[in-house]
Amino acid sequence: MSEVTTETEIPSQWRVGVHTSIAGSLDQAAEKAHEAGCTAFQIFSTNPRMWKSRELSAEERAALARLRRRYDLHPLVIHANYLLNLASPDAVLRKQSLAAFRGEIQRAAALGAEYLVLHPGSYRNGTAEEGIRTLRHALQRARGKSIEVIPIWTVSHNAAEVIAEAAKSLDVSSVMIGASRRSAFYHMLRGHVLKGLTKKLPHDCHLMICN
């Protein structure tokens, strides 16, 4: 008799994560993820609502790395500061955001994080073209730090066209499409998007499919 998998069961090869608080210490965040039964986790590397960040001590970094090895916690995802707006037309805010973004990259590298999540921001009272130009500049700086920039979009009916156009505008090297245990309609839509992306993406842009 074949084994029946219910909707609530999670395949053993999946990595299940949670966002945990760094209040107290970084290693407590790892402990909380493990206690929740997770195999991956996301944190802020510093206070997400303040421009000023704090230095991560060698002891903190070592303690976090030790617990990640002990509990097999990977990947580690760092969520960037909420204040960052890399697409802002305001020169002062953009400069402040770039400096904070560089700090996020440095802390993510110091902690051995596999991913850094960043919301691109808003061009506000500027134009979309100006926003894209300033955002592209920031992403190119990230690429200079040996980081691969992978934008993430929500799948929609015209996602292939929108994603391909954004990939060209931002000059990114990869696009990632994920999987989800959703309805048959979602999987049909995802297949349609993948088919469109194979035709519309720039030739030097990699299409990554995550299952």
| message | Condition (residue is closer than 30 Å to H137 by Cα, modelled with pLDDT of 90 or more and in contact with a Phe, Trp or Tyr (Cβ under 6 Å, 6 or more places away or on another chain)) applied to segment 1-21: is it met by at least one residue? | response | no
| said: With the structure loaded, tell me whether L194 is at pLDDT 70 or above, among the aliphatic types (A, V, I, L, M), outside the structural domain of I105 (by TED's automatic domain parsing) and not in a loop (DSSP other than H, G, I, E, B) or whether it fails that test. | reply: yes
| note | Scanning segment 19-30 residue by residue, those under 16 Å from I78 (Cα atoms) and either surrounded by 14 or more Cβ atoms within 10 Å (Cβ to Cβ) or not hydrophobic (A, V, I, L, M, F, W, C) (or both) turn out to be H19, T20, S21, I22, S25, L26, D27, Q28, A29, A30
| query | Filtering segment 40-79 down to residues that are of a type in the set (S, T, Y) and surrounded by 19 or more Cβ atoms within 10 Å (Cβ to Cβ), which residue is nearest to V92 (Cα to Cα)? | reply | T46
| For segment 53-105, how many residues are polar (S, T, N, Q) and either without any contact (Cβ under 8 Å) to a residue 40 or more places away in the chain or outside the structural domain of R124 (by TED's automatic domain parsing) (or both)? | 3
| task | Search segment 122-150 for residues being part of a helix (DSSP H, G or I), of a type in the set (D, E, K, R) and farther than 17 Å from V92 by Cβ, and hand back the single one that is modelled with the lowest pLDDT. | result | R143
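The values are calculated or read from the model by the stated rules, or taken from the named source; none is laboratory data. Not measured: the values here are computed from a predicted model. Every residue, glycine as well, gets a Cβ built from its backbone with ideal geometry; the counts of neighbours run over all protein chains shown.
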